[in-house]
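Asker: Let me begin by handing over the structure; questions about it come next.
A short reminder: the numbers here are calculations on the coordinates, not readings from a lab. Bear in mind the structure is a predicted one, so any value in this text is a computation, not a measurement. In this analysis, Cβ positions are derived from the backbone assuming ideal geometry, glycine residues included, and neighbour counts consider all displayed protein chains.
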Amino acid sequence: MATFINHKDKLVFIHIPKNAGKTIGTNLGLEKYRNSPENIKMRQKIGVENFQHYGLKEIEKYLEVDLKGYLPISSVRNPWSWHVSWYNWVKKLNPNLIPGLNRMSFSDYVNRLAKVAEESPDRCLSNCKHCDLSQLYWLESENLSEVECIIRFEHLKEDWLALLEKHNFKFTRKLGHHHRNSSGPIDYKKHYDKRTRKIVEELNKEFIERFNYTF
């Protein structure tokens, strides 16, 4: 989903990876804007084709458009669940994103996150720039108000319908689920011990408090 803005409905979508962003973005009508002038300009500016996981600040910076009056929408996910899903997806489909991942167990991966966090305030383990950061990273903005339209991955269908009703949107009410992990639903808790559970909690403390997530 390498598109962010639906100008017709004045929406800006922040696609956080592994949070059903492909599904939500498709339902928001963003596919038709894939080759819009803004998206072409952004691809040329940052020199890559696949830029779908940029945060709100970066969207504002690279697109150089005034987004005041636009409704920012995003989706969030329990951070313990998110890291298991991210680890499994990268290891299976794109291991080069995280150097050495093929040799890492999930515990190794989380411990490596902790080490990188100590070494760098940006906490970047992967080659995907900021995919290891707290999900709050994607939601920060210089010009827009706080992202209030949040869809929780855990309540995807219910929150989608609530969004449609609150803003009187006419998008389809039925959600598919693109890019679902082929292994099916994940029992994320079994992947953690006390130490790794605590590491993810500390790295995502502000996010957990804001969205009231628990293990």
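Asker: Extension gain Glu119-Arg152, at 0.36 nm per residue separation less the Cα-Cα distance, in nm?
Answerer: Values: separation 33, 0.36 × 33 = 11.88 nm, distance 3.11 nm.
This chain segment gains 8.8 nm when fully extended.
Asker: Length gain on complete extension for the stretch Asp193 to Asn111, per 0.36 nm per residue less the alpha carbon to alpha carbon distance?
Answerer: 28.4 nm
Asker: Please list, or write none, the lysines whose alpha carbon is within less than 26 Å of the alpha carbon of Lys170, excluding same-chain residues fewer than 8 places away.
Answerer: Within the straight-line limit of under 26 Å, Lys170 reaches these lysines: Lys8, Lys10, Lys18, Lys22, Lys32, Lys68, Lys157.
Asker: Find out how many positive minus negative residues lie around Lys174, taking Lys and Arg as positive, Asp and Glu as negative, among other residues whose Cβ is under 14 Å from that of Lys174.
Answerer: That works out to +2.
Asker: Starting with the highest mean, order 54-61, 20-27 by the number of other Cβ atoms within 10 Å, averaged over the residues of each peptide.
Answerer: The peptides rank, most packed first, as 20-27, 54-61.
Asker: 7 Å from Cα along Cα→Cβ at both Arg210 and Lys61: what's the point-to-point distance in nm?
Answerer: Between Arg210 and Lys61, the label points sit 1.7 nm apart.
Asker: I would also like to ask the following. With a/c under 1.5 counting as rounded, go ahead and sort the range 60-120 into rounded, prolate or oblate using the C-alpha gyration tensor (a ≥ b ≥ c being the square roots of the eigenvalues; past the cut-off, prolate if a/b is larger than b/c, else oblate).
Answerer: prolate
Asker: Measuring from label point to label point, each 7 Å out along Cα→Cβ, what is the Arg173 to Ile40 span in nm?
Answerer: Placing both labels 7 Å along Cα→Cβ, they lie 3.9 nm apart.
Asker: Quote to one decimal, in nm, the extra length available between Glu165 and Glu201 on full extension: 0.36 nm per residue of separation minus the C-alpha distance between them.
Answerer: 9.6 nm
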